[in-house]
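The next block holds one structure in the form of structure tokens; read it before the comments.
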Amino acid sequence: MALPRLREELDLLTGPALPDGQPSWTLHDPVRNLFFRIDWPTFEVLQRWHLGDLAEMAGDISASTTLHMGPDDVQAVLEFLTAHQLVQPAGAQSARQMAERLALIQGSALKWLLHHYLFFRIPLVKPDAWLGRWLPLARLFLTRVFALMTALALLFGLSHVVRNWDVFSATLADTFNWEGLVSYGLALFAVKLLHELGHAFMAKHFGCRVPTMGIAFLVMWPVAYTDTNETWRLTSRLQRLKVASAGIATELVVAAWATLAWALLPEGALRSAAFVLATTSWIATLAINASPFMRFDGYFILSDALDMPNLHGRSFALARWKLREWLFALGDTPPEHFRPAQARALIAFAWATWLYRLVLFLGIALLVYFYFFKLLGIFLFGVEMVWFIWSPIRSELKVWQQRRSQIAARPRSRVTAAVLLGLVLLCLVPWPGRVTASAVLRPAEIWPVFIAAGARIEKLPFAEGQRVPEGAVITELHVPDLVTRRAALQARLEQQRWQAASSGLDDDSRKRLLVNQDSLSTVRAELAGLEAEQLQFAPRAPFAGRLRDLDPDLHVGQWVSRKEKLGLLVREDGRWLVETWLDEESVQRIKVGDSAVFVTDSAMATVLRLKVETIDRDASRVLPRGELAANLGGHLLTREKNGQWLPERAVYRVSLAPQQMPEALSDKSWRGQLTVNANWEAPAWRYLRQAFAVLVREVGF
């Protein structure tokens, strides 16, 4: 076959030695500013391209070098050059083929729009000449003296931050407002500009051309970019690594000097600006640029450190090959041969990258949904899910479909299908349900003894755990205000009685008879109300029981405050119950009469058999039992406000009756773990129901 001609504008540059020791070359396409690293066999093929015959080229290579190549190997090189448009189009069909290739690359108008919504670049400047003029000044920041000064500045600044951490953290909290967000936005813009200049000046320092700088939009989020593809001309791996690290190094330098400035400057606008610049540089460097899972600086640093160009693509190809071998044992040759440890590391890196991107893109999809109005948000959410998550899965499934005959013939495939079917059945077949939560075992009838107002203890006739007969006075309290008011009312009562008794002695007193009688009735009513109020300070047991939770420090003569709890009266030989609060989803899975098990948190770990007795139909606004709060060891997320525990989500009270009550537990309340035998339900239905509920709520059906 007639070989197409190579494009005349291509450059062939000497490249670094490959990990296996063979030399490499870099093929540069100046029109697209793309670089392709080729190995020794490909280089030998290119040297003999003028021969024009695959078999003749393969024979000459095998005869004149230590390589052994056949026509198929040369054909693979031809396919590589053609696929990457490195040959000149020839023949009558070349124009049509190029048009078809362009249409395939661009895709439909919808695909073009979606792709450019997700990512597009806007080149703004051609900085190469400007970088050349300022390069001598920039090289001052590459000296060892400046590096030493930066290290000392960082050491001093961090030591000051450690010594004044309370001030630093308080300042950080104070910046979380609208003015602070604007300041952080401006600082982030400045830091990212310096970041890109760091890449550009370092590339220029090693003699590379920097054709463009501009802004790229990733899901409508602007990020600066610098075209440093020329670094592929560099044969030194260390030089490429320095260019890749220059952006992060620049941000760390800014952070070091800004931290020092915050430590030395007095209070004012400059110190605040230094603080914002320092924190922005640290956070932007560590949280964004250092990640190797996206094509940011961390990825290129790792790629150059390992001397492994296209790290993502090669690790993904190896992971896909390994996945097919795990599932189907096809016996395919791996896309590349690595040492076993290196291959395992690359596969693990690929899986970590996929997991990271799944979480990241799901987060971006949710942000897109909540950022835009609902209809557009739902559409963009679907775009994110299809483009970033479903599209890679679909590509792999398409490969499986193309090779379905091979896959069906492998014994491993039947094992995989059986395991997959089993997993599907496990998700779809109903399972006996279990609802677990923390709960409290307590007496069903208790009477708390509270103080109605500030008072002094006069009598404490019963001790902790002592039996209290029904109607017995639990404590007597002295309230000076009540004593004074009673004495005054008694005096008024005697006065009104005397006035009423003497009303018939003369004409004037007879005229005031009715008034005196009304005044006497009023005083008697006030005195009766006061006596009823005094009964609150001599509480009597409404039923026979035992006194529990009595403060051991209480004694006669001690003053107690209003609403202070003195103890609990627990009905003797009364009924006990287990009490808990469950969220809406858990409540829907249980019903009255379901069996349950309660295990106390005591060292004995006593087990009780229970039955669900009641389920409240209305949510509880306040959690009356704080021991079930998550920060106290329970299962409910709550927040404390004005001494009350408020649930973070709707919870419903559920009470359960023990089938029998051991004597060892019948003296106080116990917290423990409750397990209720709930309705049978397929595991997948729970998540589908939740997703459908969210969809209905957000769409507003």
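Couple of notes before you dig in:
- Cβ-derived FRET efficiency at R0 51 Å, ALA630 paired with GLU458, nearest 0.05: 0.75
- Simple spin-label estimate for ARG414 and ARG32 gives 4.6 nm between the two label positions (7 Å along the Cα-to-Cβ direction from each Cα).
- Phi to ³J(HN,Hα) by Karplus 6.51 cos²θ - 1.76 cosθ + 1.60 over the stretch 584-598, Hz, x for Gly, Pro: 4, 5, 5, 5, 5, 8, 10, 8, 4, x, 5, 7, 7, 10, 10
- 5 angstrom amide H check on ASP594, placed H, neighbours 5+ away: VAL612
- A simple charge model with +1 on the Cβ of Lys and Arg, -1 on the Cβ of Asp and Glu and nothing else charged puts the dipole of the chain at about 800 debye relative to its Cα centre.
- Residues listed by number, the stretch 120-149, amide nitrogen under 18 Å from LEU264 label point at 7 Å toward C-beta: 141, 145-149
- Across the options SER64, LEU489, PRO647, the greatest Cα extent toward the positive end of the charge dipole of the chain (unit charges at beta carbon of Lys, Arg, Asp, Glu) belongs to SER64.
- Extension gain for the segment GLN490 to ASP616, taken as residue separation times 0.36 nm less the Cα-Cα distance, is 40.3 nm to one decimal.
- Note on LYS563: aspartates and glutamates with a C-alpha under 18 Å away, same-chain residues under 8 apart excluded, are GLU458, GLU476, ASP481, GLU533, ASP549, ASP551, ASP553.
- Test item: Cα-centred dipole of the stretch 439-480, Lys/Arg +1 and Asp/Glu -1 on Cβ, debye: 80 debye
- For the stretch 680-691, 3J(HN,Hα) per residue [Karplus equation, 6.51 cos²θ - 1.76 cosθ + 1.60, θ = phi - 60°, Hz, x = Gly/Pro]: 5, 7, 6, x, 5, 5, 4, 6, 5, 5, 5, 5
- Computing Rg and the Kirkwood Rh from the Cα coordinates of the chain gives a ratio, Rg/Rh, of 1.17.
- Rounded to the nearest 20 debye, the dipole magnitude of the stretch 396-500 is 1160 debye, with +1 charges on Lys and Arg beta carbons, -1 on Asp and Glu beta carbons, and the Cα centre as origin.
- For the stretch 1-91, with +1 on Lys and Arg beta carbons and -1 on Asp and Glu, the positive-most of PRO41, GLY52, VAL31 along the dipole: VAL31
- Cβ-Cβ FRET estimate between ALA348 and PHE370, R0 fixed at 35 Å, reported to 0.05: 0.55
- With the charge dipole of the chain set up from +1 on Lys and Arg Cβ and -1 on Asp and Glu Cβ about the Cα centre, the Cα lying farthest toward the positive end among the listed residues PRO123, LEU520, TRP581 is that of PRO123.
- Length gained on full extension, THR82 to ARG5, computed as 0.36 nm times the residue gap minus the Cα-Cα distance: 26.7 nm.
- Available extension along the chain between LEU142 and ALA650 is 176.9 nm, counting 0.36 nm per residue and deducting the alpha carbon span.
- Over 26 Å (Cα to Cα) - which of LYS611/LYS668; LYS565/LYS611; LYS459/LYS565; LYS565/LYS668 fall in this group: LYS565/LYS611
- Probe 1.4 Å - accessible area at VAL162, Å² to nearest ten: 110 Å²
The values are calculated or read from the model by the stated rules, or taken from the named source; none is laboratory data. Note that the structure is predicted; figures quoted are calculated from it, not measured. We place every Cβ from the backbone using ideal geometry, glycine too, and count neighbours over all the protein chains shown. Please note that ligands, DNA and RNA were not included when accessible areas were found on the heavy atoms of the full protein model with its side chains. Shrake-Rupley method; radii C 1.70, N 1.55, O 1.52, S 1.80 Å.
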